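A.B. asks: This is the structure I have questions about; it appears just below.
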Amino acid sequence: MSTTFTLIKMNIRQSLRIDRAKNKPLTIAKWLLTAVFGLAILAVFVAMYVLLNLKISFGFSVTDPSNGERLYTTIVNEFFTFTFLIFHILQFLFLLPILMKHLKIGDDREILMRMPITSRQLLVAKLTTIYILEILFAAFVLLPILIAFGVFSNFSGSHIGALYWGMIPILLIIAPIFPFLMGVLLLFPINIMSNFIKSRHKLMLGTYLVLGIGTVIVYMFALSKASFLILNKGLKDQMAENYWTVHNWASAFFYHKMFANAVLDANPLSLGAMFGSSIVLAGIALLVAIKLYKYYYNQDVSKTKTVKLASKEGVMVKPQTSYLIKEFKTIVRSSNYSFQFLVFVVIMPIVVLMCSRLAGISTLETFKSSGSNLSDLTGAQRSMMLGVSLLSFLIIMPLASSFAAIGISREGGNIYACKVLPIKYRHQVLIKMLLCFVPIVVSTIIGLGLIRIPQKIINFTIPKVSWSETLWLFYVVVSMALGLICMGMLLDLKKPVCKAVGSGEITKTNKAAGAVLLVGLIFAMLSSTPLLLQQILPRLPLKIIIAGLTTAFAGTMFALLWFFCEKLFARVEAG
Amino acid sequence: MLKVRNLVKIYPGAKRIAANNISFDIEGGEICAFLGMNGAGKSTTIKSITGIIPFNRGQVLLNGYDIQQDPLGAKSQFGFVPDNYKLYEKLTGNELVNYTADIYKIDSATRKERIGRLAEMFKLTKAMNQQIGSYSHGMKQKICLISTLIHNPSVWMLDEPMVGLDPQSIRAVKDYMVEHAKSGKVVFFSSHALDTVAGLCDRAIIIGAGKKLGDVKIADVNKQEGGLERHFLDLVNKADAEYQAFLRQLEHEEQELAAKHGKAKASAMMAKRAQDMALGKISND
């Protein structure tokens, strides 16, 4: 028992990166900062949730299609059903890599196999660790929602009993069962597929792109549809009109509906149904996990899959071009890097298009209600639309630019190989920079092209941005991207993380990427907010100010990188 | 071909000099070993010579090219196999070697002939189209060796090259070293395998505690009683005793300074003194 407990302790410490030997005040400060940041995000999330919750609590009348009777109802139950469904999807996405790491490709497995530990102890320790992490995740996401619901329901007059509060810990414990089952079930086909597929990196890249783009399109489409409907007809009418569709969909997810019933009814019957069905699912999940683990455990751990790639005759190319090709190949063949490198660049034009549609819809609604026509579009309203386009570009662009901030760290132990090459350090840095910059430029051009195309939405044409505004947007986005890329590379050159093992580790431990994201997002807010609020702010030459600021930022960062890269690169060591 | 003059290297913030006034010349046709205990400064010296890390004083000339004044010219002259042989694991062996060939501007016909010959020599022909990530320890070492030889460098530098290789591959490396030296080029490698050095090299440079302790002709020491091993251990043991006394003296001085100025300031003063010594501002005798 003590061995299993030691293993669980070790696994949790490893997973949460708790290291007692390190600088204690710094570690505490990091945890505090993470906690504050997490709480800030949660506060916004809960506030939005409470607002939505208050809105959907209002009742409305609907006709039951089966018997034609009028019913007075709300969509709170359906709302909670979808909340649990979304939570389970999020938890599944969080769980899958953890499951893969612990059950399939655990780094520690080979070491542990040499020790006097039975596979049963190891499996119990691993499953317990995974489950504890999942409960923590559930607590982080669900607890604020459940507390907020309890507190605000009391305010709004509904009585929330002691059973509701007592049920919360049980709910947090059983909530991870469903995603856990889905996760272990999915690992089987993943394993089978990976044995057949020759080029895994292409599969991973394709999956990431499809998932990333698909999620964005579905989300943005749903958002624009909902905004359009709400703006046009009002929330209450919409809820009444679409009630049965939403109700039927929610009923289809019967397991999640059981959770919603348990939360809203909080009676022993609904709790029993939720608990009983969860125990059955837990039993199935455990059986599958044991089977899966035994399968992996019995495989030869030292066996590595041989990946053969097509050979090409060695045609001579220029050193710089060869360096560029090498960089590109090492990026796209790593699932982690290719995700960071390509996904954000690909989704940027889609996000920009969808956001401009949303802005267009809300502008149209203003015009419809005021009885004006589109030719009366005021400067301030144009400015608002421009602000939305800029904001949508500047929110995604730093995510893509942050990839440059691991350009040097990516080399890891290979940094020696870069340093002995007869290619100037400055050229190597510029190649790495261009590799990140060019796709962003292309993506920006595509995004601008998409928002230049007039879009017809139900008899109205959304006003497109003018040519001068398009050029201005291009200049601001591209120069800001250049500035952020140079900044990321400078920070990475100053303190690269060459000792990290694996692409995921580098991404996690490199602070330069975080700094790029922070600066990019602050600039996004600072530059787009005045444009969005120009109607109530004093008139200022905002476009000139924003373009001036980005020019100064990009110019400074590029100059600093140009002058200091040789010196900084010379100091870099693999450690 | 390789000239090292008064090389001094101290790491930023360190209290002792890692490579202290090291000088030697190696002419074409020689196989020269670089010997020393762990932490003696071998890797620091090799990294300084290859331009991987900057050094504080001195000069390194590779075929007449100064590594500090003309780094690109100097880097074109050598091939370097590091001790960690980290590689781009997502590339195939062929891709890595062709990439290196492009960097050194080797034409298609020459590279094809060299890749074929070297892959055959190191028994890696079948694995050349596999990703390096799937290679074994020894195979990674071999592909690293091949990629450094693709441009037939004037100076072939290797940091502990035999570690992890199978006997057949060790033989192949030794044979290639001899062949490379016979063609009038330099082979310079660090090693702990004294028997290999005694049987293979023309010369050995021995360092300890960052200082050059000796530069011996292998043929001469092999004639002496105990051979290279005896000679090496005598030199390093003597140097180690002196170095331990030096460290005790430094510790004593730091304690005295700490009593006067506090621990943190004393530590900073000691580091500053070492840095000044390395830069030649004060004598380092």
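Here's the yes/no breakdown for (1) more than 14 Å from every other protein chain (Cβ to nearest Cβ); (2) farther than 25 Å from residue B:97 by Cβ; (3) out of contact with any helix residue (DSSP H, G or I) (no Cβ under 6 Å at 6 or more places or on another chain); (4) free of Cβ contacts under 8 Å to residues at least 12 places away in the same chain:
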{"position": "A:322", "(1), (2), (3), (4)": "no, no, no, yes"}
{"position": "A:330", "(1), (2), (3), (4)": "no, no, yes, no"}
{"position": "A:336", "(1), (2), (3), (4)": "no, yes, no, no"}
{"position": "A:340", "(1), (2), (3), (4)": "yes, yes, no, no"}
{"position": "A:348", "(1), (2), (3), (4)": "yes, yes, no, no"}
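A.B. asks: Here's a follow-up. Please specify each residue of the range B:46-66 satisfying the condition of being within 10 Å of chain A (Cβ to nearest Cβ) and assigned to a loop (DSSP other than H, G, I, E, B).
C.D. replies: Within the range B:46-66, B:51, B:52, B:53, B:54 qualify.
A.B. asks: What number of residues within the range A:68-88 are of a type in the set (A, V, I, L, M, F, W, C), in contact (Cβ under 8 Å) with a residue 12 or more places away in the chain and under 25 Å from residue A:180 (Cβ atoms)?
C.D. replies: 6
A.B. asks: Do we find a residue being buried (at least 23 other Cβ atoms within 10 Å of the Cβ), in a loop (DSSP other than H, G, I, E, B) and touching a residue at least 12 places away in the same chain (Cβ under 8 Å) anywhere in the range B:143-158?
C.D. replies: Yes; the residues of the range B:143-158 include at least one that is buried (at least 23 other Cβ atoms within 10 Å of the Cβ), in a loop (DSSP other than H, G, I, E, B) and touching a residue at least 12 places away in the same chain (Cβ under 8 Å).
A.B. asks: Just to be sure before I move on: is residue B:111 of a type in the set (D, E, K, R) and within 9 Å of another protein chain (Cβ to nearest Cβ) in the structure I sent?
C.D. replies: In short, yes.
A.B. asks: If we scan the range B:148-162, do we find a residue that is over 20 Å from the mean Cα position of the chain (by Cα), modelled with pLDDT under 90 and away from chain A (no Cβ under 12 Å)?
C.D. replies: no
A.B. asks: Test each condition in (1) surrounded by fewer than 17 Cβ atoms within 10 Å (Cβ to Cβ); (2) closer than 24 Å to residue B:196 by Cβ for residue B:125 and report the one that comes out false.
C.D. replies: Of everything listed in (1) surrounded by fewer than 17 Cβ atoms within 10 Å (Cβ to Cβ); (2) closer than 24 Å to residue B:196 by Cβ, residue B:125 misses just condition (2).
A.B. asks: All but one of (1) in a helix (DSSP H, G or I); (2) touching a His at 6+ places or on another chain (Cβ under 6 Å) hold for residue B:220; state the number of the condition that does not hold.
C.D. replies: Residue B:220 satisfies every listed condition except (2).
Table: residues versus (1) crowded, with 19+ Cβ neighbours inside 10 Å; (2) aliphatic (A, V, I, L, M); (3) part of a strand (DSSP E or B); (4) free of Cβ contacts under 8 Å to residues at least 24 places away in the same chain.
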position	(1), (2), (3), (4)
B:188	yes, no, yes, no
B:207	yes, yes, yes, no
B:212	yes, no, yes, no
B:237	no, no, no, yes
B:241	no, yes, no, yes
B:250	no, yes, no, no
B:258	no, yes, no, yes
B:266	no, yes, no, yes
B:271	no, yes, no, no
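A.B. asks: Please work out which residue is farthest from the other protein chains (Cβ to nearest Cβ), limiting yourself to the range B:120-137 and to residues that are farther than 25 Å from residue A:324 by Cα and assigned to a helix (DSSP H, G or I).
C.D. replies: Filtering the range B:120-137 for residues that are farther than 25 Å from residue A:324 by Cα and assigned to a helix (DSSP H, G or I), the one farthest from the other protein chains (Cβ to nearest Cβ) comes out as B:121.
A.B. asks: If you take the residues in the range B:106-123 that are in contact with a helix residue (DSSP H, G or I) (Cβ under 7 Å, 6 or more places away or on another chain) and modelled with pLDDT of 90 or more, which one is nearest to residue B:137 (Cα to Cα)?
C.D. replies: Within the range B:106-123, the match that is nearest to residue B:137 (Cα to Cα) is B:119.
The values are calculated or read from the model by the stated rules, or taken from the named source; none is laboratory data. Fair warning: this is a prediction, and the values are worked out from it, not measured in the lab. Glycine also receives a Cβ, built like all others from the backbone with ideal geometry; neighbour counts cover every protein chain displayed.
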